[in-house]
Every structure is written in C-alpha cells, then in structure tokens.
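Each remark here refers to the structure printed beneath this line.
The values are calculated or read from the model by the stated rules, or taken from the named source; none is laboratory data. Computed from a predicted model, the values in this text were never measured in an experiment. Cβ placement follows ideal geometry from the backbone for every residue including glycine, while neighbour counts extend to all protein chains displayed.
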Amino acid sequence: MEKDYLEPFSFQTEDIAEVQLFLTPGQMILRRFMGNKLAVLGATVLFIVAVLCFAAPLFYPYNQTEQFYTDKTTGEELRTFQTEQISTAVLKSLEKPSLNHLLGTNKMGQDMLSRLMYGGRISLLVGFVVVIVELLLGVILGGAAGYYGGLPNAVIMRLVDIISSIPFMPLMFILASLEINLNISPKYKIYYTMFMIGLIWWTGAARMVRATILSLRETEFMQAADAVGIKTRNKIFRHLIPNTLPNLIVMATLDLGSVILMESTMSYLGVGVGAPYASWGNMVQVVNDNVIMRDYVNLWLTPGLCILVVVLAFNFVGDGLRDATDPRMKGR
C-alpha cells in the first residue's frame, strides 16, 4: 500500500510544457489563438484589408465626389476641377477594367479601385463605431443591472425588452426620411446611422454582462472584497467587468462582421451611405441594373467579394478567440 503513495503523479506532455514555461493567462490565450490556423488567416486578411483601405488612399489620392469627363476633340480624360474645359466635354460612360482604371469606372466615370478602398474605410468604420457604442452602453447598464439587482435590474431589463422589440429596418427607413427632410448631407448621413445602430444593438451586450455578473457576485473573491470594504465602483470596474472581458471580446469580434453586413444591406436599400460617397453596400447597389449585372461584373462583384471575405475573416477571428479564452480548451 505504501508503494502506491510513493508513485509519482502522471502528467501529459502538454501539461509539463506549460508548467515549465510558466505561461501567463494572456500568453496562453495567444498561444492557443496562434495554433488556430483559420483564426490566424482571418487576422492576416483583416490586417491586409485595413492597410489597403486606410493607407493605400494616401498614396492613391482620390476625391469621392470627383467625376471623370472626356474632351470631345482630343479624347483627353478630364476631371471636375478642370472647370474651364468641362463645357466642351462629355461625362464618361461605363468602362471595363483597363490599365488606366484597373477595376473600370462606374456611370459617373469614377474609378472603381479608389471607390473600393474608400468604401472599405466607411464599412470598417461603421463596424468599429457601432461595436464601441454597443459595448459602452452594454457594459455600463448590464453591469449596473447585474450588480445592484432589485429596481435598477427591473428598469434596465424592461428597457432592454422594449428596445429589442423595436423593428430595426422600419426604424432605419424612418431615420432616412428624417435625414432627407432635414437636408442632411450624404457625407454626414452615415454618422447618424452608425449611432442609431449602436443605440439598438447594445441590448445583447447588456444581457451577457448582466448574466456574467450575477454568477460572479456571490463568489468568494467578491465576498472578500465586501469584507475589506472596497468601494462599489472599484468592485464593478476592477473585479467584475474584467472577468467579462473574454466574452465581450469574442462578442465584439463576431458583431463586427454582423454590423458590416447590416451596413451593406442598409446602403443597398438606400438607407446607409448616400451617393456620390462610397461604401461596399451602395457599390453593390448597381446590380439593380440588368445591363450592369450582365456586362459589367467588375462593378458589383469586387465589393461583394470584399464583404464576403471581411465578414468571413471576422467570424474566423471570433471563433479563434472564443476557443482561446475557453478554459476547457486548455489541453487542445
């Protein structure tokens, strides 16, 4: 019997490696994330797209309202700022990909490659702004509901129920009508739309934060915090909220893809970014024309592929973060 007590503990090879390396929680999450090939691929794709959308236009300047004309006599390509020659010019028609315009031009003669990069800026910006607004409201209100309970919890959760029951697309159409009546410029139209989406989408984050805090509120470390007299503000923002961060990060990553899809749908329906400014959604809108859909695939296929690739990459990254932050995935 004594021999049984003297037998050494058995460890798996992966466990021994982690013990020897003394990995911090952050290093362990990064290690698991880097081991997910699809997640790394998604992060790489997003980095490349971000560089192309935000950095490339600095070296390939373009005015989104710019239109291209052709001189009637010389055939020279003109731009709107050459006003003294515009009277003798005609607006360029659709053009297929060429050396001058790698992705062709649209009906207004605008270069599609430039519009693709500037449209990516808008689509990505909408996603990040909406998620930031969503997380700010969700963390504050969900944290208050979960920690205080009682009347604050009842009021906040009924507010969540009311907002969740509002039909989203009809509300967006009403907002678009108000923007038209108020003569809001298409350039600023998208900013109102972004904040409106954020004010609607925060309910999911609030529910998740509330549920997590309710489960953590009665744990031993919170009882110890009560015993030593830590302020309520510090208990919420230094102890409870940080424990919800892994779930919040995963939720934000997945929501970024969903918001980009939503913006694309809204712009396609004419509720999002207004012409002549570009977003991937309103660039796809040209598919309404049968001639363009059949003969000018370059006008709608490239922004459609960009939406597909970016949303897929965000989903890969979100799945990778979810697996990396899950303690049950430790040995995998």
Taking the stretch 217-236 as the region of interest, how many residues are touching a residue at least 24 places away in the same chain (Cβ under 8 Å) and within 29 Å of G318 (Cα to Cα)? 3
How about the stretch 259-292: which of its residues are part of a loop (DSSP other than H, G, I, E, B), modelled with pLDDT of 75 or more and hydroxyl-bearing (S, T, Y)? S279
State whether the residues of the stretch 145-152 include one that is over 23 Å from K235 (Cα atoms) and either among the acidic types (D, E) or in the same structural domain as I292 (by TED's automatic domain parsing) (or both). no
I need the full set of residues from the stretch 302-332 which are at pLDDT 80 or above and more than 21 Å from the chain's Cα centre (by Cα), in order please. none
Is it the case that the stretch 195-215 has a residue that's of a type in the set (S, T, Y) and not in a helix (DSSP H, G or I)? no
In the stretch 220-245, which residue that is not β-branched (V, I, T) and not in a helix (DSSP H, G or I) is surrounded by the fewest Cβ atoms within 10 Å (Cβ to Cβ)? G229
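To keep it simple, each residue is scored yes or no on (1) of a type in the set (V, I, T); (2) under 23 Å from I307 (Cβ atoms); (3) modelled with pLDDT under 80.
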{"site": "L30", "(1), (2), (3)": "no, no, no"}
{"site": "A43", "(1), (2), (3)": "no, yes, no"}
{"site": "L58", "(1), (2), (3)": "no, no, yes"}
{"site": "E66", "(1), (2), (3)": "no, no, yes"}
Would the stretch 247-260 turn up any residue that is among the aliphatic types (A, V, I, L, M) and more than 15 Å from the chain's Cα centre (by Cα)? no
Which of the following residues is touching a residue at least 12 places away in the same chain (Cβ under 8 Å) and either in contact with a Leu (Cβ under 7 Å, 6 or more places away or on another chain) or not in a helix (DSSP H, G or I) (or both): L312, L256, L248? L248
Take G119 and decide whether it is in contact with a Pro (Cβ under 8 Å, 6 or more places away or on another chain) and buried (at least 19 other Cβ atoms within 10 Å of the Cβ). yes
